[in-house]
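A.B. asks: Below you will find the structure I want to go over with you.
The values are calculated or read from the model by the stated rules, or taken from the named source; none is laboratory data. These numbers come from a predicted model, not from an experiment. Virtual Cβ from ideal backbone geometry, glycine too; neighbours counted across all protein chains shown.
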């Protein structure tokens with residue numbers, strides 16, 4: 001028998017200032033409790049207590065723990081996209097390499113904020129049913145990188161496929177930074193992971209474009 005997925009949508013959206021403040025306190029408390037106790041130990045009772053509200057008030061807005069985690073996943077995804085977009089659109093980054101450095105730095109900053117929470121949210125994406133959110137986040141970042149590459153086309157080898165290159169760059173940044181956050185956090189020391197990511201991407205973008213098909 002297939003396990004029925006829990007409802008991960010909020011019961012209702014807050015409309016007044018006081019109710020919005022209550023929801024914000026609950027969501028903030030959920031993040032804190034997840035970091036402190038992990039996913040299994042983060043009960044709605046603990047979250048309500050940390051938020052300073054009754055369990056009834058929590059259930060007024062969120063039907064279960066999963067719905068709270070879903071909100072955190074959505075917020076985290078939005079934050080990552082905004083940070084990357086801001087870095088790529090910054091007019092101070094006048095060269096291609098300047099922008100790529102900023103994008104890599106933005107990726108490390110976005111993932112290093114509460115790494116324990118990042119790990120939990122990443123692990124819960126399939127369970128909570130937010131694979132679509134994760135894929136949309138990657139798509140939006142890839143589109144931002146593609147637009148940046150097009151603006152700097154004169155610095156790229158002739159015949160560059162901007163869409164493919166953007167996909168590869170986004171994948172490299174996401175994979176390396178996420179892997180470092182989860183398994184080798186010491187690589188963030190002295191900017192090691194940023195330098196290695198830049199070295200990898202710089203070598204890739206400087207290689208002549210080829211039209212040969214993969215067999």
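A.B. asks: Do you know which residues across segment 64-118 are more than 27 Å from residue 183 (Cβ to Cβ) and in a loop (DSSP other than H, G, I, E, B)?
C.D. replies: 64, 90, 91, 92, 93, 94, 95
A.B. asks: Same structure again: Is it the case that some residue within segment 126-140 is touching a helix residue (DSSP H, G or I) at 6+ places or on another chain (Cβ under 9 Å), buried (at least 19 other Cβ atoms within 10 Å of the Cβ) and at pLDDT 85 or above?
C.D. replies: For segment 126-140, residues touching a helix residue (DSSP H, G or I) at 6+ places or on another chain (Cβ under 9 Å), buried (at least 19 other Cβ atoms within 10 Å of the Cβ) and at pLDDT 85 or above: present.
A.B. asks: What number of residues within segment 159-197 satisfy the criterion of being over 24 Å from residue 77 (Cβ atoms) and surrounded by 13 or more Cβ atoms within 10 Å (Cβ to Cβ)?
C.D. replies: Of the residues in segment 159-197, 6 are over 24 Å from residue 77 (Cβ atoms) and surrounded by 13 or more Cβ atoms within 10 Å (Cβ to Cβ).
A.B. asks: Given the conditions (1) part of a helix (DSSP H, G or I); (2) within 21 Å of residue 193 (Cα to Cα), report the number of the one that residue 123 does not fulfil.
C.D. replies: Among (1) part of a helix (DSSP H, G or I); (2) within 21 Å of residue 193 (Cα to Cα), the lone unmet condition for residue 123 is (2).
A.B. asks: Still on this model: Right, residue 83: over 30 Å from residue 206 (Cα atoms) and either at pLDDT 90 or above or surrounded by 15 or more Cβ atoms within 10 Å (Cβ to Cβ) (or both) or not?
C.D. replies: Spelling it out, it is not the case that residue 83 is over 30 Å from residue 206 (Cα atoms) and either at pLDDT 90 or above or surrounded by 15 or more Cβ atoms within 10 Å (Cβ to Cβ) (or both).
A.B. asks: Kindly establish whether residue 150 is buried (at least 18 other Cβ atoms within 10 Å of the Cβ) and not assigned by TED's automatic domain parsing to the domain that holds residue 38.
C.D. replies: no
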